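Structure, as structure tokens:
The values are calculated or read from the model by the stated rules, or taken from the named source; none is laboratory data. Just so you know, these numbers come straight off a predicted model, no measurement behind them. Positions of Cβ are backbone-derived with ideal geometry, glycine not excepted, and every protein chain shown enters the neighbour counts.
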Amino acid sequence: MTPRENPPARGGRTLIEAGIAALCGIALVVAGPEAAAAKETLTIFAAGTLAVPFRAIDGQFERSDPGVTVEPQFGGSVMMAKRITALHEPADILAVADYNVIPKYLFGQDGKGGWTDWYVGFARNAITFVYTPKSKGAHDITPQNWYEVLARPGVEIGRSNPDTDPSGYQTLQMLSLAEAYYKVPGLAQRVLANAPRRNIRDTETALISALQLGQIDYLAIYRSDAVQHHLESLKLPSEIDLSDPARAHDYAAGIAKTKSSALAGRPIVYAATIPAGAPHAALAAIYLALLLGPQGQAIIARDGFGAMKPPVAVNPEHAPPAVKALVKPWPKS
Amino acid sequence: MAARVSDPPAATGNWAPAAALLRLVFWLLGMVLLAVVALPLLRLALAPSIANLVAAARDVEVRDALWLSLEGAALAALVAMVLGVPLAYLLARGRFRGRGFIAAVVDLPLSVPHTVSGIALLMVFGRRGIIGAPAEAYLGLRFWATLAGIVVAMVFVAAPYMVSAARIAFAAVDPRLEMVARSLGLGPWRVFFRVTLPLAWHGIATGFTLTFARAISEFAAVAMLVYYPMTAPVKIYELFLRFGLDEAAAAAVLLLAVTLALFLVFRHFAYGEAAAGGGR
């Protein structure tokens with residue numbers, strides 16, 4: 001113990017000094033990582049399905065430009081869009097699983113008040129069902145009889161919420177297309193009877209653990225997830241699996257009824273844009289160029305997505321030059 | 001700096017300024033914390049318009065979700081109390097090997113990420129789980145998308161609060177009071193219910209309140225087992241995805257209002273009991 005020399009008031013003052021020092025210390029610790037980082041940070045809001053390829057592309061981007069840290073955040077596409085438009089969180093890139101999310105949530109009315117006025121399509125995907133060897137009917141399911149196996153009594157099918165998640169309504173659209181393609185009236189209804197509300201989550205990847213633990217037998221999901229999680233999946237015909245942008249017109253016949261509206265099928269094309277107020281818009285354009293170029297497209301294909309040949313854009317004239325150089329206009333459907 | 005002088009202990013002198021300063025400093029620090037806690041809640045409470053609040057209150061789905069949350073959290077707090085208070089007593093009074101280990105295990109759910117909790121619960125209570133499979137086969141009891149699943153998930157994440165609060169409350173009861181009661185001829189069951197439990201009641205009631213609060217706020221672990229039927233937190237998340245901030249905030253404010261009202265009732269109840277019968 002140090003001898004007490006201070007009068008009481010001094011003791012109080014040192015207490016305050018200690019308190020201030022402690023608060024400053026806390027402030028330093030809290031602010032530390034930000035303050036210490038002289039690096040630039042590229043913030044990406046992306047659909048959850050993009051986590052694996054984007055992580056790989058992030059790594060390439062950081063190696064080519066060591067002054068940059070890429071910080072991706074993944075979630076439902078609509079959720080990520082609303083974090084920009086409703087919560088005003090700063091993001092340099094928004095990448096969504098359904099290109100329609102961008103015009104719906106980020107385009108303004110008549111060119112005014114929008115968060116962006118262009119987007120690029122950079123990857124394709126397909127709806128499929130995944131299963132495990134333990135799933136009911138797994139031993140005799142084929143790409144021909146799948147809708148009969150899935151409609152058997154006692155089969156539990158998981159799917160995503162069609163009111164909030166693209167893969168939820170895309171599953172309904174695929175089943176609607178299957179009904180016409182296989183000429184089996186009532187197909188969708190019989191399959192969906194085994195996919196009741198209790199097997200619905202806000203995003204289908206939340207159900208992968210339930211599939212692996214045997215709580216559900218089949219899960220409607222993207223082909224990319226099937227590849228990345230090494231799950232058995234059905235090879236559905238491209239007439240119904242929403243994977244082919246050239247079939248856009250045919251897919252529109254697949255209708256999903258949701259709480260808000262009836263949604264017509266569209267090819268599953270992932271789209272990205274740079275929202276207004278992006279803190280690092282120039283870096284974001286370089287990142288998108290990497291994503292659209294041969295390196296990025298190779299990673300996209302490796303992780304179970306379809307590459308875009310070529311990448312396409314809506315209103316490419318508004319995109320940064322580095323992006324514009326790599327895209328063709330979006331085909332009219 | 002002055003030379004080292006061994007002052008006499010300052011037994012005399014006017015300490016009033018220092019005491020005032022202490023209170024001032026403590027108030028300042030406390031107000032900072034209070035601001036961090038209260039400002040976001042206050043901002044949230046003011047976010048939705050009256051029209052949005054009315055619309056949310058009239059929405060049957062929102063009301064159902066609120067009611068289901070209240071029901072689930074009340075059941076979870078009751079289950080945690082009935083099963084947790086005896087364990088807390090054993091931990092406070094028992095002198096057995098592994099006591100510290102058991103106490104640590106009970107607290108462990110506090111540090112498990114809630115999505116991980118949900119997966120762990122599914123492993124045990126799911127269709128093929130070691131409890132879920134026999135429960136469905138022999139009792140017809142399912143935890144997937146049922147109230148039972150909501151309660152199990154809530155108990156898992158919230159029970160540590162019950163056990164901790166009750167254990168501290170039991171530890172604060174002087175064992176000599178129990179010994180006196182025993183020496184006066186009361187049996188061990190009556191001593192527990194007539195002496196120990198009333199003395200520890202305040203702490204147990206606090207534990208019940210915390211458990212209820214933690215349970216009603218749980219999202220991830222509940223949503224893993226039970227997305228439909230929707231509890232209030234799941235409903236609020238869905239409203240945000242479907243409509244936006246205003247609708248979600250309105251439902252959140254309703255949940256806050258109901259919870260706050262319940263807290264005030266609980267607190268009144270707990271402190272009233274303490275004032276009447278605590279006497280420590």
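List of remarks:
- Residue in the stretch B:221-280 that is modelled with the highest pLDDT, counting only those that are within 21 Å of A:Ser77 (Cβ to Cβ) and among the charged types (D, E, K, R): B:Lys235
- Within the stretch A:263-274, residues that are crowded, with 24+ Cβ neighbours inside 10 Å sit with their Cβ atoms under 9 Å from residues that are among the aromatic types (Phe, Trp, Tyr) and part of a strand (DSSP E or B), at 6+ positions apart or across chains, in these pairs: A:Ile268/A:Tyr222; A:Val269/A:Phe122; A:Tyr270/A:Phe122; A:Ala271/A:Tyr119; A:Ala271/A:Phe122; A:Ala272/A:Tyr119; A:Ala272/A:Phe122; A:Thr273/A:Tyr119.
Okay, residues lined up against (1) in contact (Cβ under 8 Å) with a residue 60 or more places away in the chain; (2) within 16 Å of the chain's Cα centre (by Cα):
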{"position": "A:Phe122", "(1), (2)": "yes, yes"}
{"position": "A:Ile127", "(1), (2)": "yes, yes"}
{"position": "A:Ile141", "(1), (2)": "yes, no"}
{"position": "A:Leu150", "(1), (2)": "yes, no"}
{"position": "A:Pro153", "(1), (2)": "no, no"}
{"position": "A:Gly158", "(1), (2)": "yes, no"}
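- Any hit, the stretch A:296-306, residues being within 30 Å of B:Ala120 (Cα to Cα), part of a loop (DSSP other than H, G, I, E, B) and of a type in the set (D, E, K, R): yes
- Helices (runs of 4 or more DSSP H) enclosed by the stretch A:149-247 - at least 2 residues per element that are within 14 Å of chain B (Cβ to nearest Cβ) and touching a Pro at 6+ places or on another chain (Cβ under 8 Å): A:166-181
- In the set A:Ala307, A:Ala325, only one residue is surrounded by 14 or more Cβ atoms within 10 Å (Cβ to Cβ) and assigned by TED's automatic domain parsing to the domain that holds A:Leu50; that residue is A:Ala307.
- Enumeration of residues in the stretch B:184-223 that are surrounded by fewer than 20 Cβ atoms within 10 Å (Cβ to Cβ) and among the polar types (S, T, N, Q): B:Ser217
- Any hit, the stretch B:230-238, residues being part of a helix (DSSP H, G or I), within 10 Å of chain A (Cβ to nearest Cβ) and β-branched (Val, Ile, Thr): yes
So that you can scan it fast, the table gives a plain yes or no per residue for (1) more than 25 Å from A:Arg198 (Cβ to Cβ); (2) within 20 Å of the chain's Cα centre (by Cα); (3) touching a residue at least 40 places away in the same chain (Cβ under 8 Å):
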| site | (1), (2), (3) |
| --- | --- |
| B:Arg194 | yes, no, no |
| B:Thr211 | yes, yes, yes |
| B:Val226 | no, no, yes |
| B:Ala248 | no, no, no |
| B:Ala251 | no, no, yes |
| B:Leu264 | yes, yes, no |
| B:Tyr271 | yes, yes, yes |
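- Within the set B:Ala270, B:Ala181, B:Ala248, the sole residue that is surrounded by 15 or more Cβ atoms within 10 Å (Cβ to Cβ), within 14 Å of chain A (Cβ to nearest Cβ) and assigned to a helix (DSSP H, G or I) turns out to be B:Ala248.
- Residues that are surrounded by fewer than 24 Cβ atoms within 10 Å (Cβ to Cβ) and either under 26 Å from B:Leu91 (Cα atoms) or among the acidic types (Asp, Glu) (or both), drawn from the stretch B:132-151: B:Glu136
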